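Asker: Before I ask anything, let me first share the structure, which is written out below as structure tokens.
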Amino acid sequence: MAARSIARFLPAAAAGLLAAALAAAGGPAAGAQDAPPAAPPLERTVSVAGDGGWQDTAVDLGAGDEVRFSATGEILLQKGNPGAVCGPAGLDLLTLDQPIPDANLGALIGKIVQVVARRVDEDSGIEVRDEIFVLFVIGPEGTVTAPFKGRLYLGVNENVVRDNGGAYSVTVRRRPA
């Protein structure tokens, strides 16, 4: 599945405005009053592989849900390089090509995704998902309030992950709004 982003990094205030605009236009935020009751609190531990890219936590969030994270473990940002080992805080190193440019390389990061539309590319036949999302830094501990309804993904703040190893163990605690 290919994904095309409507917003690569959407601050919480802008995300709220976008959700309101979508609702006014009859988009995915419309009909929120028809939404099922809020989900109960949840606690889940997930493994985030250093070489796994964005990993689906199977945690769905509602707008305003608070999520707390606690992470341990180590990843290797380059197999065979003992200087490239880091914990969830990452290495005090920035590169030009990482999902969150001003956060440490290898840090634990998160993404909340709301799919706006799905379509099939006429040329390739591949499903394309148009989505809005917000990226955020977690590190060893973090808290985020979901700016809109969406799915929670976790990953490593690095775009070249195929040569990574190890994993973070992340406890995710969701408290509905």
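Asker: Within the stretch 61-94, track down each residue that is without any contact (Cβ under 8 Å) to a residue 24 or more places away in the chain and assigned to a loop (DSSP other than H, G, I, E, B).
Answerer: Listed by number, the residues that qualify are 80, 81, 92, 93, 94.
Asker: For the list (1) within 29 Å of residue 145 (Cβ to Cβ); (2) part of a strand (DSSP E or B), I need the number of the one condition that residue 103 fails.
Answerer: Here residue 103 meets the rest and fails (2).
Asker: Name the residue, out of 98, 114, that is more than 28 Å from residue 42 (Cβ to Cβ), of a type in the set (S, T, N, Q) and either touching a His at 6+ places or on another chain (Cβ under 7 Å) or surrounded by 14 or more Cβ atoms within 10 Å (Cβ to Cβ) (or both).
Answerer: Working: 114 fails: more than 28 Å from residue 42 (Cβ to Cβ).
That would be 98, the only listed residue that is more than 28 Å from residue 42 (Cβ to Cβ), of a type in the set (S, T, N, Q) and either touching a His at 6+ places or on another chain (Cβ under 7 Å) or surrounded by 14 or more Cβ atoms within 10 Å (Cβ to Cβ) (or both).
Asker: If you go through the stretch 92-125 one residue at a time, how many are under 19 Å from residue 73 (Cα atoms) and either touching a Lys or Arg at 6+ places or on another chain (Cβ under 8 Å) or modelled with pLDDT of 95 or more (or both)?
Answerer: 8
Asker: Follow-up. Which numbered condition in (1) under 26 Å from residue 175 (Cα atoms); (2) surrounded by 11 or more Cβ atoms within 10 Å (Cβ to Cβ); (3) modelled with pLDDT under 95 is the only one that residue 89 fails?
Answerer: All conditions are met except number (3).
The values are calculated or read from the model by the stated rules, or taken from the named source; none is laboratory data. Since we're looking at a predicted model, the values are computed, not measured. Glycine also receives a Cβ, built like all others from the backbone with ideal geometry; neighbour counts cover every protein chain displayed.
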